[in-house]
1. Among the numbered conditions (1) on the phi > 0 side of the Ramachandran plot; (2) part of a helix (DSSP H, G or I), tell me where HIS143 comes up short.
2. If you check ARG132 against the conditions, is it basic (Lys, Arg), at pLDDT 95 or above and closer than 16 Å to ILE224 by Cα?
3. Condition first: under 20 Å from LEU31 (Cβ atoms), touching a Lys or Arg at 6+ places or on another chain (Cβ under 9 Å) and assigned to a helix (DSSP H, G or I). Can you find one or more residues in the stretch 101-120 that meet it?
4. Return yes when PHE35 is free of Cβ contacts under 8 Å to residues at least 60 places away in the same chain, crowded, with 20+ Cβ neighbours inside 10 Å, closer than 17 Å to LEU214 by Cβ and of a type in the set (Phe, Trp, Tyr) and no when it is not.
5. Just checking, does the stretch 75-95 include any residue being surrounded by 21 or more Cβ atoms within 10 Å (Cβ to Cβ) and within 30 Å of TRP139 (Cβ to Cβ)?
6. Collect the residues in the stretch 159-210 that are aliphatic (A, V, I, L, M) and either at pLDDT below 95 or part of a loop (DSSP other than H, G, I, E, B) (or both), keeping them in residue-number order.
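The values are calculated or read from the model by the stated rules, or taken from the named source; none is laboratory data. Treat the numbers as computed from the prediction; the structure is a model and nothing was measured. Glycine gets a Cβ as well: all are built from the backbone with ideal geometry, and neighbour counts include every protein chain shown.
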Amino acid sequence: MNTSPTTRTRIVTGGLFAFSALAFAAAATALSVMFDWPDVLREPAEVVLPAFAAGGPALVWAWFAAAWTYGLLAIPILLLPAALGLQGNPVLRVATYAGAASVLLSLIGFLRWVFVVPALASTYAAGDGQTRAAVAAAWTAQHQFGGALLGEHLGQLLVIGWSAAVSIVILRSGILPRWIGAVGVVTSSIYLLNQGDILATAVPGFPVWDLADLIGSTGWGLWIAILGVSILTKRSKFAGPAPAAKSGHIHSAHHGMA
């Protein structure tokens with residue numbers, strides 16, 4: 001049986017969806033300007049590590065900001081079933097676990113740039129040819145494991161699965177405007193196509209659509225913000241009718257609840 005979500009839960013959930021989407025967009029823009037992200041992710045160590053070292057502490061903090069503004073998404077993802085009054089929905093329950101796991105995996109991918117890459121970049125900059133070759137090999141290994149596998153492949157697949165499931169629940173239940181569900185299905189589908197670029201790092205020649213990441217990730221981020229705003233503004237959609245008071249008890253009930 002669905003339970004009516006509290007106003008506080010709706011405000012926190014919707015507000016954090018919108019805030020996280022906008023804050024992460026700002027951090028991602030900073031990374032793009034400072035470090036040519038995300039294109040730099042497909043460059044070799046001899047390009048990435050010197051560029052990272054040249055960015056200094058400001059670049060490390062930009063990665064830290066990107067990691068935790070994205071990490072904030074775990075909170076509204078976990079709160080969403082209660083915010084929609086759909087705690088008993090089995091599809092949404094499974095999707096919530098997948099969404100929370102995806103944020104954790106993406107955090108690992110982002111935080112590599114804070115705790116792992118700085119040491120590699122400084123060692124590469126100060127090393128001789130043999131040292132640089134060893135560091136480049138270490139860079140490639142951690143980049144493929146923590147970045148391509150955990151952060152991009154598994155992290156993106158799980159969050160796409162979450163957003164697709166949420167969108168389908170919205171389409172079927174009408175708990176939010178159904179066009180939000182339709183947009184979510186479309187953006188999730190486009191975002192899924194970015195897996196080609198990720199798989200191409202392990203399988204040379206795998207088909208890649210270059211615009212999938214730009215269109216998919218941007219559209220998905222906008223959808224998250226719209227989802228948050230919709231939860232914030234559709235209060236009447238969640239509110240149930242006020243129970244009718246019995247005759248003779250209206251006055252006393254009113255004062256008992258004041």
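1. Failing condition for HIS143: (1).
2. no
3. no
4. Criteria met by PHE35.
5. no
6. ILE175, LEU176, LEU193, ALA200, ALA202, VAL203, VAL208
For every residue, the table says whether it meets (1) among the β-branched types (Val, Ile, Thr); (2) touching a Leu at 6+ places or on another chain (Cβ under 7 Å); (3) free of Cβ contacts under 8 Å to residues at least 40 places away in the same chain; (4) over 21 Å from GLY14 (Cα atoms).
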| position | (1), (2), (3), (4) |
| --- | --- |
| GLU43 | no, no, yes, yes |
| VAL47 | yes, no, yes, yes |
| LEU72 | no, yes, no, no |
| LEU86 | no, yes, no, no |
| ALA95 | no, no, no, no |
| TRP113 | no, no, no, yes |
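Conditions (1) farther than 21 Å from ALA101 by Cβ; (2) under 19 Å from the mean Cα position of the chain (by Cα), marked per residue:
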{"site": "GLY146", "(1), (2)": "no, yes"}
{"site": "VAL159", "(1), (2)": "no, yes"}
{"site": "ARG172", "(1), (2)": "yes, no"}
{"site": "ILE180", "(1), (2)": "yes, yes"}
{"site": "LEU193", "(1), (2)": "yes, yes"}
{"site": "PRO207", "(1), (2)": "yes, no"}
{"site": "LEU222", "(1), (2)": "yes, yes"}
{"site": "SER230", "(1), (2)": "yes, yes"}
